[in-house]
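As structure tokens, the structure follows; a few thoughts come after it.
The values are calculated or read from the model by the stated rules, or taken from the named source; none is laboratory data. Not measured: the values here are computed from a predicted model. Methodologically, a virtual Cβ is constructed for each residue, glycine included, from the backbone with ideal geometry; neighbour enumeration extends over all protein chains shown. SASA here: full protein model, heavy atoms, side chains in, ligands and nucleic acids out. Shrake-Rupley method; radii C 1.70, N 1.55, O 1.52, S 1.80 Å.
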Amino acid sequence: MGRFAIPPEALASEDGLIPITSHDLMLDTVARELRCPDFGLRLACAQDLSILGRLALAVQASSTVSEALAARRGSCSYTARY
């Protein structure tokens, strides 16, 4: 993961955060090296809402994106900082 500047401790916890630039670089590199330009779409199709962790509960219980974000804003530590 050092290749993409992803700190090992980010992978040790379900709540670990990976910098978005590292995430994007990793996906772009994988797509290029595998010669699979639609890798991101294939990955998205293989995942379900659980990839969002606790945010999935708010998404499932909300009728709009705005409602889901408002429900999580106060209780989600990293969104409160941004």
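Summary of computed values
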| quantity | calculated |
| --- | --- |
| Å² per residue, accessible surface of the chain at 1.4 Å | 80 |
| Where labels lie 7 Å past Cα in the beta-carbon direction, separation of D15 and S62 in nm | 2.0 |
| Matching label, volume of the Cα convex hull per residue in Å³ computed from the structure shown, candidates [x] 158; [y] 122; [z] 173 | [y] |
